Amino acid sequence: MAYNSIVLVREIWDTRDLLDGVVRSDGQADTSRLTTRFDPEDLNALEMALQVKDEHGGTVTALSVGASREVDVLRESLYRGVDAVYRVVDPVLDTADTSVKATAATKAVEKIGRPDLFIAGLNVGEGENSHVGVHTAQLLGLPRAHYVDRLQSIGDGAATCIRAIEGGYETVAISLPAALIVGVALLKEDPRAPRSAKARLKLQMKKTPIEQWSIADLGLDPATIGNVTICVGVEPVEQRAIDSRRIEGSDEAALKQMIQELKEW
Amino acid sequence: MRFADKLRNYSIAPAKPLSLMDEEQVKLDALVIGGGPAGLSAACAMAGAGMEVGVLERGEFCGAKNVSGLLYTTVLSEILPDYLESAPLERPVTRRSLAFLDREAYWSVSFGSEAWCEKPYNHTHVVYRAQFDRWFAGQTEELGATLLEGMVVENLLYEGEGATKRPVGVQIRDDEPLYADVIVLADGANCMVTDRAINELNLSRGAQEQTWAVGVKQIISLPREKLEDRFNLEPNEGCAIDYIGVPFEGLVGGGFVYTGRESVVVGFAAKAETFKHNRVSPAQVMDAFIQHPAVRRYVQGGNLEEYSAHMIPESGYRAIPEMVGNHVMIAGDAAGLVNMSMYHEGSNHAMASGRAAGETAAVAREAGDFSKEALQPYVQKLRASFVMRDLSKYKDVPEVMDSVPELFSLYPSKVCSLLIDFFEVSLRSKAEVQKQAIQKFLSGVPKLKGIRDIWKVRKLI
């Protein structure tokens with residue numbers, strides 16, 4: 001049996017290799033010094049959907065809420081073999097909290113047509129705190145599994161997946177249609193690791209028009225969709241001062257001294 | 001509308017009809033392997049001539065695999081005349097210095113010109129290649145080329161045998177092959193694809209085997225004001241200092257310091273095999289260099305932002321392979337087009353050769369002939385340009401550097417101690433001080449050897 005999936009994909013600030021001066025004195029990030037990337041967990045989520053399609057047939061649709069900044073995650077999704085992509089773009093979304101994003105995602109999913117699987121990565125960056133995926137599932141009224149590490153099997157109207165819990169893993173069966181919120185760190189060699197963009201698709205899809213919807217197009221009123229959270233302040237995490245001490249000598253006595261000092265510390 | 005209906009109605013139309021394309025095979029006019037200065041220049045020339053071009057880059061983005069350095073922009077200014085407006089250039093080089101280091105002492109010469117502080121800034125800029133190449137790639141894309149980043153070319157695909165053997169496409173890791181009429185190999189210093197293609201197509205290699213230098217760099221950030229004070233620079237000025245001497249004792253190579261906007265690049269390049277002979281690691285040499293009083297004063301208190309290394313083909317003219325085969329041209333570092341004389345120029349040659357390859361491909365396409373003979377104008381263009389003329393002029397450089405190892409340590413330190421001794425303030429008479437200084441300077445080197453070495457070293461200039 002074929003399964004249709006909708007995957008929520010996001011573009012996030014790339015917080016690898018940060019330079020000095022990224023955190024301004026008021027605690028906010030100086031985004032002019034940052035680049036962006038495809039949220040790695042969304043890429044894992046996309047791969048999960050594409051593997052379901054490869055094995056069982058069906059379609060994969062990528063959905064993105066918010067304007068593209070540097071990396072167009074929808075185009076990147078096309079290059080990896082999704083069947084269709086949609087973007088919700090609206091000025092309201094520039095300062096939107098997770099509830100607004102989840103509401104927009106819900107309406108967009110309904111507009112596309114309800115899928116068998118709604119899959120999203122467990123994004124914790126940019127103030128999402130991993131809310132949007134679960135919140136969207138809740139608004140769609142879908143049963144959901146959170147922190148999904150892998151999809152074990154799918155069939156007979158249910159998906160069996162393994163989710164990470166504290167100190168181990170839990171296997172859960174969930175009836176379809178369902179929402180899976182994927183939270184897994186992968187090595188490159190892992191069979192769950194995301195595929196890379198395909199050259200042929202890139203050549204074919206680089207200028208394919210991408211359909212965009214505004215908040216109003218989704219039947220929502222931009223005037224009343226306001227945020228439910230108000231950010232009253234941001235504080236940078238204190239940088240930990242690391243004292244280093246050099247112990248001279250390369251003999252066993254020096255080694256013992258180092259071990260002793262580490263124990264005392 | 002139902003989900004499935006929606007999908008059925010979703011049509012995917014390529015923006016431009018590709019010359020040959022179905023589910024199984026994609027064929028373009030040209031494929032460029034490597035998104036550095038050579039590859040991007042070739043792509044600009046071909047895309048500008050209306051060709052369908054794909055640039056395959058193994059890094060996550062163009063420039064991701066590269067470091068920082070001096071960029072000479074004469075060719076760039078012809079390819080993209082507006083580059084000064086939008087390219088991420090750190091600082092122009094408005095002052096140059098050459099410094100000789102002894103253990104603690106040093107001497108240097110500096111020169112610069114007001115003219116270098118104005119456009120086009122003597123066509124010399126400090127750039128961070130990760131940023132610059134990415135920008136260059138963006139410009140290339142605007143001209144119509146497609147960037148295929150994060151794609152590793154494993155091999156070329158061939159058709160025919162013997163003299164008619166020709167590459168028809170590329171095999172990409174974990175992906176389908178792509179096909180093209182002509183392929184420009186610009187895979188840089190560590191050019192595994194070019195190397196294999198030279199074997200497959202039976203192209204002749206250079207008279208000498210290629211040898212490599214290892215370049216090691218640190219980027220150290222400094223607040224802008226502090227940097228400008230230390231180097232005595234105005235906001236739109238920069239400097240480049242070359243060093244030879246004691247930290248590089250026994251190595252064939254030297255160090256450099258460049259100023260970025262809010263950072264200093266400190267590094268050195270030396271012939272790879274000389275590390276082994278001297279039983280030192282590049283990291284040890286880097287430490288000794290950066291700890292030298294003449295260098296330390298520039299960077300102290302700064303933060304280490306990046307530590308990187310890169311290979312440089314350094315055998316020059318005599319190691320350049322045959323650069324043309326049926327349906328293929330080799331450009332930039334992959335062809336070993338680096339001038340290792342005192343000018344150490346590479347990116348400019350890369351751009352010139354890439355552009356020449358691209359222009360040649362565009363002409364060949366008009367004639368519908370990409371045979372080895374039809375692509376010969378590429379080599380002729382290079383021979384007529386500064387690229388091959390300079391490389392030919394400096395063809396003895398690698399040999400000279402190998403045969404006068406004293407150049408990089410003994411001689412600089414001798415000149416250094418001559419000056420130090422000459423200007424030592426003491427109770428002795430000046431005549432006595434000078435006599436002793438000159439005696440010390442002349443000791444330890446047979447005169448004839450000294451004269452012979454000076455004669456040889458002229459070839460570096």
Of (1) buried (at least 22 other Cβ atoms within 10 Å of the Cβ); (2) within 29 Å of residue B:194 (Cβ to Cβ), residue B:319 fails just (1)
Restricting to region A:89-111, name every residue that is touching a Pro at 6+ places or on another chain (Cβ under 8 Å) and not in a helix (DSSP H, G or I). A:90
Quick one: would you say residue A:189 is within 14 Å of chain B (Cβ to nearest Cβ), acidic (Asp, Glu) and out of contact with any Ser or Thr (no Cβ under 6 Å at 6 or more places or on another chain)? yes
Out of (1) in a loop (DSSP other than H, G, I, E, B); (2) surrounded by 10 or more Cβ atoms within 10 Å (Cβ to Cβ); (3) under 28 Å from the mean Cα position of the chain (by Cα), the one residue A:181 does not meet is (1)
If we keep only residues of region B:1-48 that are surrounded by 14 or more Cβ atoms within 10 Å (Cβ to Cβ) and β-branched (Val, Ile, Thr), then the residue modelled with the lowest pLDDT is B:26
Please state which one of B:93, B:55 is away from every other protein chain (no Cβ under 14 Å), crowded, with 20+ Cβ neighbours inside 10 Å and of a type in the set (A, V, I, L, M). B:93
Could you tell me whether region A:189-199 includes any residue that is under 21 Å from the mean Cα position of the chain (by Cα), free of Cβ contacts under 8 Å to residues at least 12 places away in the same chain and under 30 Å from residue A:84 (Cβ atoms)? yes
Would you mind listing the helices (runs of 4 or more DSSP H) fully within region B:360-430 where at least 2 residues are in contact with an Asp or Glu (Cβ under 9 Å, 6 or more places away or on another chain) and crowded, with 17+ Cβ neighbours inside 10 Å? B:377-384, B:397-403, B:410-422
Restricted to region A:107-127, and to residues that are of a type in the set (D, E, K, R) and touching a residue at least 60 places away in the same chain (Cβ under 8 Å), which residue is nearest to residue A:186 (Cα to Cα)? A:126
Among the residues of region B:179-192, write down those that are surrounded by 24 or more Cβ atoms within 10 Å (Cβ to Cβ) and either out of contact with any His (no Cβ under 6 Å at 6 or more places or on another chain) or more than 14 Å from residue B:56 (Cα to Cα) (or both). B:180, B:183, B:184, B:185, B:186, B:187, B:188, B:191
Options B:86, B:97: the member that is under 17 Å from residue B:231 (Cβ atoms), at pLDDT below 95 and among the hydroxyl-bearing types (Ser, Thr, Tyr): B:97
Of (1) surrounded by fewer than 20 Cβ atoms within 10 Å (Cβ to Cβ); (2) away from chain A (no Cβ under 14 Å); (3) touching an Asp or Glu at 6+ places or on another chain (Cβ under 8 Å), residue B:238 satisfies all except one. Which? (1)
Flag if residue B:60 is at the interface with chain A (Cβ under 10 Å from one of its Cβ atoms) and under 17 Å from residue B:132 (Cβ atoms): yes
Hey, among the residues in region A:30-88 that are acidic (Asp, Glu) and part of a helix (DSSP H, G or I), which one's farthest from residue A:190 (Cα to Cα)? A:76
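This table checks each residue for (1) in a strand (DSSP E or B); (2) away from chain A (no Cβ under 14 Å); (3) at pLDDT below 95; (4) over 23 Å from residue B:52 (Cα atoms).
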position	(1), (2), (3), (4)
B:119	no, yes, yes, yes
B:136	no, yes, no, no
B:163	no, yes, yes, yes
B:167	yes, yes, no, no
Determine which member of the set A:215, A:225 is more than 16 Å from residue A:81 (Cβ to Cβ), among the hydrophobic types (A, V, I, L, M, F, W, C), in contact with a Pro (Cβ under 9 Å, 6 or more places away or on another chain) and touching a residue at least 60 places away in the same chain (Cβ under 8 Å). A:215
Only one of (1) out of contact with any Lys or Arg (no Cβ under 9 Å at 6 or more places or on another chain); (2) surrounded by fewer than 24 Cβ atoms within 10 Å (Cβ to Cβ); (3) within 14 Å of chain A (Cβ to nearest Cβ) is not met by residue B:205, so which one is it? (3)
Here are some conditions: (1) within 14 Å of another protein chain (Cβ to nearest Cβ); (2) crowded, with 20+ Cβ neighbours inside 10 Å; (3) part of a loop (DSSP other than H, G, I, E, B). Residue A:118 meets all but one. Which one does it not meet? (3)
What number of residues in region B:75-109 are in contact (Cβ under 8 Å) with a residue 60 or more places away in the chain and assigned to a strand (DSSP E or B)? 13
Condition test on residue A:180, is it more than 14 Å from chain B (Cβ to nearest Cβ) and either within 24 Å of residue A:64 (Cβ to Cβ) or touching a helix residue (DSSP H, G or I) at 6+ places or on another chain (Cβ under 7 Å) (or both)? yes
Top-ranked residue in region B:399-450 [being at pLDDT below 80 and touching a Phe, Trp or Tyr at 6+ places or on another chain (Cβ under 7 Å); ranked as nearest to residue B:268 (Cα to Cα)]: B:408
Regarding region A:164-173, can at least one residue be identified that is buried (at least 19 other Cβ atoms within 10 Å of the Cβ) and out of contact with any Cys (no Cβ under 7 Å at 6 or more places or on another chain)? no
Test residue A:77 against the stated conditions and say whether it is within 14 Å of another protein chain (Cβ to nearest Cβ) and without any contact (Cβ under 8 Å) to a residue 24 or more places away in the chain. no
Among the residues that make up region A:158-176, is at least one of them within 19 Å of residue A:46 (Cα to Cα) and in a loop (DSSP other than H, G, I, E, B)? yes
Are any of the residues in region B:334-351 more than 24 Å from residue B:132 (Cβ to Cβ), in a loop (DSSP other than H, G, I, E, B) and either hydroxyl-bearing (Ser, Thr, Tyr) or touching a helix residue (DSSP H, G or I) at 6+ places or on another chain (Cβ under 7 Å) (or both)? no
Go through (1) touching a Pro at 6+ places or on another chain (Cβ under 9 Å); (2) among the acidic types (Asp, Glu); (3) within 14 Å of another protein chain (Cβ to nearest Cβ) and name the single condition residue B:174 misses. (1)
Could you say whether any residue in region B:55-75 is modelled with pLDDT of 95 or more, of a type outside the set (Val, Ile, Thr), touching a helix residue (DSSP H, G or I) at 6+ places or on another chain (Cβ under 8 Å) and more than 30 Å from residue B:245 (Cα to Cα)? yes
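The values are calculated or read from the model by the stated rules, or taken from the named source; none is laboratory data. All values derive from a computational prediction rather than experimental measurement. Quick reminder, even Gly has a Cβ in these numbers, built from the backbone with ideal geometry, and neighbours come from all protein chains shown.
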